[in-house]
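Accompanying notes for the structure given below.
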Amino acid sequence: MNPAEAPTAAVPSKGTLRVVQLYPRDMNIYGDWGNALVLQRRIAWHGYTPELLEYNVGDPFPDGVDIIVGGGGQDSGQLIIQDDLQARAGQLKELAEDGAPMLVICGLYQLFGKFFKTRTGAVIPGIGILDVETHGTDERLIGNVKVSTTEFGEVLGYENHSGQTTLGSGVRPLGTVAKGTGNNSNDGHEGARFRNIVASYLHGSLLPKNPAIADFLIRTAAERKFGSFSPGAPDDAYAVLAREHAARRPR
Amino acid sequence: MVFYSVPLGKLVRRVSRLRGGGSALPGLVVEKIDPGFMRRTLATLPHGVAVVSGTNGKTTTTKMVVELLESQGLRVFTNRTGSNFTRGVAAALLGEVDWRGRLDADIAVLELDEAHAVHFVNSVPPKYCLLLNVLRDQLDRFGEIDKTAQLLQHIAAKTTGTVVLNREDPRVARIADTLTGQEVKYFGLDDSLLGTFPNDDDMRAAPGSPAPAGLPEKPAADVVLRKVGADSAEFEYDGGTVTTAMKLRGVYNIFNAAAAMTLARSICGAGAATADHATLLEALSKVAPAFGRGESLTVDGQPLDLVLVKNPSGFRLGLKSFPAGGYATMIAINDNYADGRDMSWLWDVEFDSLREGGVDALTGSRAYDMALRLQYDQVPVGAVETDIPAALAAFIREGRGKPKRIFCTYTAMLAIRRELAKITTVEVVS
């Protein structure tokens, strides 16, 4: 039988975890929904009750946020959300400093940084939660990526970006690229880590094939909210096999 | 040099066919030794060139336009091989010209990949273009969807006569605002059918979330698809509505019939022929899908449908157009260059409609990515086998007595057709 069984109603929930997708309408270009879906399902598989909310431009900001997930967008999407994101900078920073787990991919990774300077020299301000800066280039970095990390083992995904990001001293890289390019074409680093924020250029989507990162976000959220986390036993047989096959595919 | 290019190119074409080789090599040869060959030859056509481009549906739409025009007595040159790069056009031309390089046709209708169409129109400005849609596909090749829209805009700008646009795709419809000299015509969809064409922008908006800021009122369309029946469709044009039988399946194929009708009417209207609507509709009702686009084969006395899926909107339309009930289902996902290496798109398709019956078999180089995707949509999965011939043999053996359907990416479809050709009749595509 399929491992993807919903938890039975007879088992009492260990509590509710509220996941907020940031700007899914404008920042969702490369399967970012996959990350939200994985959190929703795995929270249930660990015995908790997931609550998945969307936050789009102009919406009231939800209370009681346990996990934030944000994705990539086209240049046009980044322009649409820019002012709203600046208006929410204070709340997001407070959540970040308080240890709320967050996953930001590609476009929102860049905008969680200090700024994005385009090729023509225009500067799009970020919200400065992450000590990183991004510079637009003519070169598009595209292809399969393998990253070695100490926290999550080997991380697999796919990159597609022309902005190149450099890390400041306030953050550490998510890992070192074993295949692909990552943050920029110079230092071999990919992604950024700060408090409980995981920032990365990798989609693919990231979380389905990297359940260790998904479970880190869920565990951190449960510990922050309930003081402890008691895991369930998700069946990761397909994830293991999908990782094995993906790792062998060409760049 | 130019003198010998056609005979030489034709010779290369014969030799490469004998070797069973690719269709574009002779085109490459003639392009190298005689770069003006294509432009010179196409310039002799009395009614010029029509280019069909867009993300989805190019092959079937081009086939329809050709058959519609032929029904009006026109001699049409087209790149039927599906080799939709400039080189493929040159190769197709070589097959059609006589040994002195003359093309016996009234008009050319060419299917061109967005990026290659840009090179083509710079060299051969078309008289007509038909722009179907801009959807998320092969972003690893084109970067961003807005960039793809710019490619289509360039094709429209280089067109000298009529530009036919999809009224329902905002990125395509907006191209009209950038044009100055060209005549613009639209094909459109009844409001009641809009819901079956989710675009990439509202893909993830939750039900009830506010619509993006007010769209301007839609322009009138030359041909509107009003209704789709089981094997019929209702079109509106010239102020009246007609119902016609359709061999094509899938609402997206039939919407492309409205596109093809609009282009064919424009070409006839410009003096190429007098449009006879009875014969146009008859031709439309007979159009069969291009290979792999809803193609139905027979295996063990049961139908086996091949549905090509190559991007999220195409996959969602495929699932919607071909309900799962009563069918054994297989999904074949490859990630070769022609399929796109990036698997993210699978996460932008909802597979709920397969939950009840489950999926019998998964195959292709990314079979396990697909299994993982289905696990998260709580769809039961049968066999997972990355080797396509083995998976297909087992799928046919175990699904004996049941109609079958295979959703497959491009190179997976080629592999499946190759295997099926050993046990059933598969149309040979030259």
Review point. Can you name the number of the only condition in (1) free of Cβ contacts under 8 Å to residues at least 12 places away in the same chain; (2) away from chain A (no Cβ under 13 Å) that B:ILE406 fails?
Key: (1)
Practice item. Take segment A:18-28 and flag every residue that is closer than 17 Å to B:VAL349 by Cα, of a type outside the set (D, E, K, R) and either assigned to a strand (DSSP E or B) or facing chain B (nearest Cβ under 7 Å) (or both). Key: A:PRO24, A:ASN28
**Study point:** Whichever residue in segment B:318-344 is part of a helix (DSSP H, G or I) and among the hydroxyl-bearing types (Ser, Thr, Tyr) and, among such residues, is farthest from the other protein chains (Cβ to nearest Cβ)
**Key:** B:SER321
Practice item. Hey, can you tell me all the residues within segment A:9-40 that are crowded, with 20+ Cβ neighbours inside 10 Å and of a type outside the set (A, V, I, L, M)? Key: A:GLN21, A:TYR23, A:PRO24, A:ARG25, A:ASP26, A:ASN28, A:TYR30, A:GLY31, A:ASP32, A:TRP33, A:GLY34, A:ASN35
Study note, to complete from the structure: Across (1) more than 13 Å from chain A (Cβ to nearest Cβ); (2) under 27 Å from the mean Cα position of the chain (by Cα), B:GLU398 clears everything bar (2)
Check your understanding: Within segment A:40-63, how many residues turn out to be without any contact (Cβ under 8 Å) to a residue 40 or more places away in the chain and part of a loop (DSSP other than H, G, I, E, B)?
Key -> 7
Exercise for review: Inspect segment B:409-417 for any residue being over 26 Å from A:ARG42 (Cα atoms), surrounded by fewer than 24 Cβ atoms within 10 Å (Cβ to Cβ), in the same structural domain as B:TYR327 (by TED's automatic domain parsing) and touching a helix residue (DSSP H, G or I) at 6+ places or on another chain (Cβ under 9 Å) and give the result as yes or no.
Suggested key: yes
Check your understanding: Since B:LEU372 meets every condition but one in (1) in contact (Cβ under 8 Å) with a residue 12 or more places away in the chain; (2) farther than 28 Å from B:ALA230 by Cβ, which condition does it not meet?
Key -> (1)
Practice item. Answer yes or no: is there a residue in segment A:79-88 that is surrounded by 15 or more Cβ atoms within 10 Å (Cβ to Cβ) and of a type in the set (Asp, Glu). Key: yes
Exercise for review: From the list B:PHE351, B:PHE395, pick out the single residue that is buried (at least 24 other Cβ atoms within 10 Å of the Cβ) and at pLDDT 95 or above.
Suggested key: B:PHE395
Practice item. Identify all residues within segment A:176-208 that are of a type outside the set (A, V, I, L, M, F, W, C), within 14 Å of another protein chain (Cβ to nearest Cβ) and more than 15 Å from A:LEU130 (Cβ to Cβ); write none if there are none. Key: A:LYS179, A:GLY180, A:THR181, A:HIS203, A:GLY204, A:SER205, A:PRO208
Practice item. Inspect segment A:182-194 for any residue being part of a loop (DSSP other than H, G, I, E, B), buried (at least 19 other Cβ atoms within 10 Å of the Cβ) and among the aliphatic types (A, V, I, L, M) and give the result as yes or no. Key: no
Review point. Within segment A:70-173, which strands (runs of 3 or more DSSP E) (wholly inside it) include 3 or more residues that are among the hydroxyl-bearing types (Ser, Thr, Tyr)?
Key: A:132-149, A:153-167
Study note, to complete from the structure: Among B:ALA390, B:ALA371, the single one that is surrounded by fewer than 22 Cβ atoms within 10 Å (Cβ to Cβ) and assigned to a helix (DSSP H, G or I) is B:ALA390
Review point. Does any residue of segment B:390-408 turn out to be within 23 Å of B:THR55 (Cα to Cα) and in contact with a Leu (Cβ under 6 Å, 6 or more places away or on another chain)?
Key: yes
Check your understanding: What is the number of the single condition among (1) over 25 Å from the mean Cα position of the chain (by Cα); (2) farther than 24 Å from B:GLY250 by Cβ that B:ARG341 does not meet?
Key -> (1)
Check your understanding: Of the residues A:GLU51, A:GLU94, which is within 29 Å of B:SER313 (Cα to Cα) and away from every other protein chain (no Cβ under 11 Å)?
Key -> A:GLU51
Check your understanding: If only one of A:ALA100, A:ALA122 is among the small types (Gly, Ala, Ser) and exposed (fewer than 15 other Cβ atoms within 10 Å of the Cβ), which one is it?
Key -> A:ALA122
Exercise for review: Could you please find all residues in segment A:209-244 being within 14 Å of chain B (Cβ to nearest Cβ) and surrounded by fewer than 17 Cβ atoms within 10 Å (Cβ to Cβ)?
Suggested key: A:ASP235, A:ALA237, A:VAL240, A:GLU244
Point to revise | Residue that is nearest to A:GLY168 (Cα to Cα) [pool: residues in segment A:113-136 that are among the small types (Gly, Ala, Ser) and free of Cβ contacts under 8 Å to residues at least 40 places away in the same chain] | key: A:GLY128
Review point. So how many residues does segment B:140-167 have that are among the acidic types (Asp, Glu) and touching a residue at least 40 places away in the same chain (Cβ under 8 Å)?
Key: 1
Check your understanding: Within segment B:285-298, can one find any residue that is assigned to a helix (DSSP H, G or I), charged (D, E, K, R) and under 30 Å from B:CYS408 (Cβ atoms)?
Key -> yes
Exercise for review: Go through segment A:226-251 and give me each residue that's out of contact with any Gly (no Cβ under 7 Å at 6 or more places or on another chain) and in a helix (DSSP H, G or I).
Suggested key: A:ALA237, A:TYR238, A:ALA239, A:VAL240, A:LEU241, A:ALA242, A:ARG243, A:GLU244, A:HIS245, A:ALA246, A:ALA247
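The values are calculated or read from the model by the stated rules, or taken from the named source; none is laboratory data. The model shown is predicted, which means the values in this text are computed figures rather than measured ones. We place every Cβ from the backbone using ideal geometry, glycine too, and count neighbours over all the protein chains shown.
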